[in-house]
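> First the structure, which I've put down as structure tokens, then a few questions once you've had a look.
The values are calculated or read from the model by the stated rules, or taken from the named source; none is laboratory data. In this text the structure is predicted, and so the values were computed from the model without any measurement. Methodologically, a virtual Cβ is constructed for each residue, glycine included, from the backbone with ideal geometry; neighbour enumeration extends over all protein chains shown.
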Amino acid sequence: MLGNGMIQGLLVTARNLIRSYFDPECLTTIQYPEERRTLPENSRCFPFLVYDGTPDNLRCVACKICEQECPPQCIYIEVERDAKTGKPVRRPRVFDIDYSVCMQCQICAEVCPFDAIKMDQIYELSGTDRFGGMLMNKGALLKSNEYYHQMHPTEANEVDARLSQSKKKASPPAAKPAAAPITLQSAPPPRPTPSAPPSPSVPPTPPVPPKSDV
Amino acid sequence: MIQPLTMPEQGYTLTPKEDAIETQMLEVSMGPHHPSTHGVFRMDVVLDGEEVRRLKPVLGYLHRNHEQLAEKMNWLGSIPFTDRLDYFCSMTNNWAYCLAVEQLAGIKVPERAEYIRVIMAELTRLQNHSCQAGFLLSDTGAWGTPLLYAFREREKILDLFEAASGARMMCNYMRFGGVRADVDDDWLAAARKVVENYPCFIDELEALITGNEILLARTQKIGILPRELAINASITGPMLRASGVDYDIRKVDRYGIYGRLDFRVPLGEVGDVYDRYYVRILEMRESVKILQQALRDIPEGPSDAGVKMRNFKVPVGDGYGRIEGPKGELGFYLVSDGSTRPYRYHVRAPSFINLTILEDMCVGHKLADAMVILGSVDIVLGEVDR
């Protein structure tokens with residue numbers, strides 16, 4: 001019969017419509033700003049910098065590996081120098097990531113040998129400033145290890161175990177001060193959905209000067 | 001003074017009209033904004049009435065200099081860019097590139113990683129083909145409804161991708177010698193559930209559209225691609241198999257673990273739009289079979305060969321790695337000069353080569369059919385333009 005196939009198709013849509021009143025499985029959408037889906041633990045967005053305890057105690061040593069490996073070249077690092085001697089200190093003076101260029105590929109986090117840069121889960125970052133509004137400086141990027149634990153608990157525990165081992169190896173007799181901040185994080189808190197960055201909004205820094213060696 | 005426009009010399013003649021009214025060809029530029037939801041693509045169509053007399057695909061609106069970028073970047077850094085080639089199938093793009101590099105560098109991939117790769121590639125094929133059916137129906141005028149049924153299922157697969165790799169579309173998951181992160185048992189259980197329910201969805205999709213008389217009238221005997229022409233034009237993928245050529249790289253090359261998996265290759269008979277649609281439906285059913293076997297047999301073990309990521313160097317030489325992507329043969333031709341970056345990097349993109357035959361299929365059909373034929377080619381402009 002001509003039209004049989006069309007009736008079959010309409011029956012499918014009708015079945016789905018009616019089932020959606022009884023079966024929550026059929027309602028596949030959520031009311032987004034009011035409801036949010038919980039992200040999987042592995043979910044990644046933009047990178048951030050991890051610090052232990054206080055923001056001064058950041059893990060980054062400004063080795064510039066992530067800057068070299070970043071495929072879209074969105075990281076810019078300057079090493080801090082000692083005020084008197086002018087020798088480089090193992091920490092960054094400037095650490096900028098241009099979120100408008102970053103493509104969330106996670107390669108910076110993978111190549112970092114110090115576990116200093118990790119992937120955030122904050123995706124609501126729209127802004128009105130096209131030119132530098134998404135340029136994040138060091139202050140905006142710094143987030144605590146506890147925050148990292150909330151987001152990626154399994155991965156963070158592995159990282160903590162690895163770091164404590166390497167510290168023990170480096171200084172076997174003086175393991176006490178190194179172990180102190182890590183014992184705090186041995187029991188991770190229950191994992192809520194990360195809603196907002198803990199650090200307040202930071203005024204954007206001036207644009208990154210172009211790199212000379214590219 | 002305005003010069004009167006004259007048609008340049010063309011290689012066609014006017015059809016004589018019975019009422020002897022002087023008519024002339026009309027040249028229409030369709031696009032470059034989404035002529036049929038496939039991306040930024042333009043067609044210069046010469047029309048006689050509603051009939052297509054000549055068709056020229058105009059490409060390059062989405063050109064991103066992918067190959068040159070990859071030559072300026074180290075081997076690892078190209079993987080996230082391959083995601084952006086065919087943004088529906090980032091997993092298979094990653095795999096093809098990693099396969100080429102592994103051949104070149106002689107890296108052995110662990111067993112578990114091979115299984116994970118097959119699972120990811122077949123899930124990609126499922127979501128690509130179901131969405132392609134939806135897009136084809138959008139082109140015929142069934143705007144939205146079948147596509148949203150396909151997208152509902154795609155969401156479930158993208159959730160799996162997100163749980164395993166961290167991202168939904170730009171997965172960046174494969175690495176040289178394995179995959180970036182191992183999957184756990186919870187993930188495998190979730191994948192089994194999705195795979196188990198997928199035949200129900202294929203049945204539903206078929207009930208929704210396959211028997212529809214309008215679809216049959218719009219697709220059967222439209223855009224026939226003869227077998228010889230398909231081979232000569234180096235068409236690959238479901239398009240080639242719809243023309244009746246038994247050529248599937250999963251069977252020919254037996255890369256990965258495909259040699260020991262049991263599946264069949266569906267073939268078309270006529271080579272029209274309907275065959276191209278239906279071959280994809282049948283391929284989805286075979287993909288479900290492959291997934292069931294892979295999820296059943298996946299062994300324990302390492303998911304990575306432990307290849308170092310920084311300063312990764314490849315011995316001097318050239319190599320071509322190819323896989324059967326959802327759209328056809330996706331190949332990467334790489335030349336290495338022994339340094340940390342490729343000397344030459346070339347992508348053999350299936351969408352691009354399948355698109356070259358568009359004119360031969362469209363000439364003689366109505367303009368509205370040209371849209372349907374374009375939809376049946378299954379292109380993604382990110383891959384066509386690179």
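> Here is a check on your reading of the model: is residue A:96 assigned to a strand (DSSP E or B), more than 10 Å from every other protein chain (Cβ to nearest Cβ) and of a type outside the set (Val, Ile, Thr)? Walk me through it before giving the result.
Details: assigned to a strand (DSSP E or B): yes; more than 10 Å from every other protein chain (Cβ to nearest Cβ): yes; of a type outside the set (Val, Ile, Thr): yes.
Judged against the criteria, residue A:96 is a match.
> Would you mind stating whether residue B:186 is loosely packed, with under 15 Cβ neighbours inside 10 Å, in a helix (DSSP H, G or I), under 24 Å from the mean Cα position of the chain (by Cα) and within 12 Å of chain A (Cβ to nearest Cβ)? Break it down into steps so the answer makes sense when it comes.
Details: loosely packed, with under 15 Cβ neighbours inside 10 Å: yes; in a helix (DSSP H, G or I): yes; under 24 Å from the mean Cα position of the chain (by Cα): no; within 12 Å of chain A (Cβ to nearest Cβ): yes.
Criteria not met by residue B:186.
> Could you look through the range B:107-166, keep only residues that are closer than 19 Å to residue A:28 by Cβ and among the basic types (Lys, Arg), and pick out the one that is nearest to the other protein chains (Cβ to nearest Cβ)?
B:152
> On to the next question. Select from the range B:91-112 the residues that are small (Gly, Ala, Ser) and either in contact with a His (Cβ under 9 Å, 6 or more places away or on another chain) or at pLDDT below 90 (or both) and list them in ascending order.
We begin by selecting, within the range B:91-112, every residue small (Gly, Ala, Ser); these are B:96, B:100, B:105-106.
Matches in the range B:91-112: B:105, B:106.
> Restricting the range B:329-344 to residues that are small (Gly, Ala, Ser) and in contact with a helix residue (DSSP H, G or I) (Cβ under 7 Å, 6 or more places away or on another chain), which is nearest to residue B:235 (Cα to Cα)? Break it down into steps so the answer makes sense when it comes.
From the range B:329-344, those small (Gly, Ala, Ser) are B:331, B:336, B:338-339; that's our starting set.
Next cut, in contact with a helix residue (DSSP H, G or I) (Cβ under 7 Å, 6 or more places away or on another chain) only: B:331, B:336.
On the way: B:331: 13, B:336: 28 Å.
Per the stated criteria, the residue is B:331.
> Let me ask something else about it. Look at residue A:12 and say whether it is within 14 Å of chain B (Cβ to nearest Cβ) and not hydroxyl-bearing (Ser, Thr, Tyr).
On the way: within 14 Å of chain B (Cβ to nearest Cβ): yes; not hydroxyl-bearing (Ser, Thr, Tyr): yes.
Yes; evaluated as a whole, the condition is true for this residue.
Residues are listed down the side, and each one gets a yes or a no for (1) more than 9 Å from chain B (Cβ to nearest Cβ); (2) under 19 Å from the mean Cα position of the chain (by Cα); (3) under 30 Å from residue B:184 (Cβ atoms); (4) surrounded by fewer than 19 Cβ atoms within 10 Å (Cβ to Cβ):
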site	(1), (2), (3), (4)
A:36	yes, yes, yes, yes
A:41	no, yes, yes, yes
A:48	yes, yes, yes, no
A:80	yes, no, no, yes
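> Checking residue B:320 against (1) over 18 Å from the mean Cα position of the chain (by Cα); (2) not in a strand (DSSP E or B), only one condition comes out false. Which one?
(2)
> In this structure, does residue A:74 turn out to be closer than 23 Å to residue B:179 by Cβ and either hydrophobic (A, V, I, L, M, F, W, C) or within 12 Å of chain B (Cβ to nearest Cβ) (or both)? Let's see the steps before the verdict.
Numbers: closer than 23 Å to residue B:179 by Cβ: no; either hydrophobic (A, V, I, L, M, F, W, C) or within 12 Å of chain B (Cβ to nearest Cβ) (or both): yes.
No: the conditions fail for residue A:74.
> Of everything in the range B:105-135 that's assigned to a loop (DSSP other than H, G, I, E, B) and either of a type in the set (D, E, K, R) or in contact with a helix residue (DSSP H, G or I) (Cβ under 8 Å, 6 or more places away or on another chain) (or both), which residue is farthest from residue B:291 (Cα to Cα)?
B:107
> Note down all Cβ pairs under 9 Å where the first residue falls in the range B:201-220 and is more than 9 Å from chain A (Cβ to nearest Cβ), the second is in a loop (DSSP other than H, G, I, E, B), and they're at least six residues apart or on different chains.
From residues that are more than 9 Å from chain A (Cβ to nearest Cβ), the pairs are B:218/B:141; B:219/B:272; B:220/B:270; B:220/B:272.
> Follow-up question, since we're still on this one. Taking residue A:101 as the residue in question, decide whether it is touching a Lys or Arg at 6+ places or on another chain (Cβ under 6 Å), assigned to a loop (DSSP other than H, G, I, E, B) and surrounded by fewer than 19 Cβ atoms within 10 Å (Cβ to Cβ).
Here the answer is no, as residue A:101 does not meet what is asked.
> I've got another one for you. Taking residue A:123 and the conditions (1) buried (at least 18 other Cβ atoms within 10 Å of the Cβ); (2) within 14 Å of chain B (Cβ to nearest Cβ), which numbered condition does it fall short on, given that it satisfies the others?
Result: residue A:123 passes all but (1).
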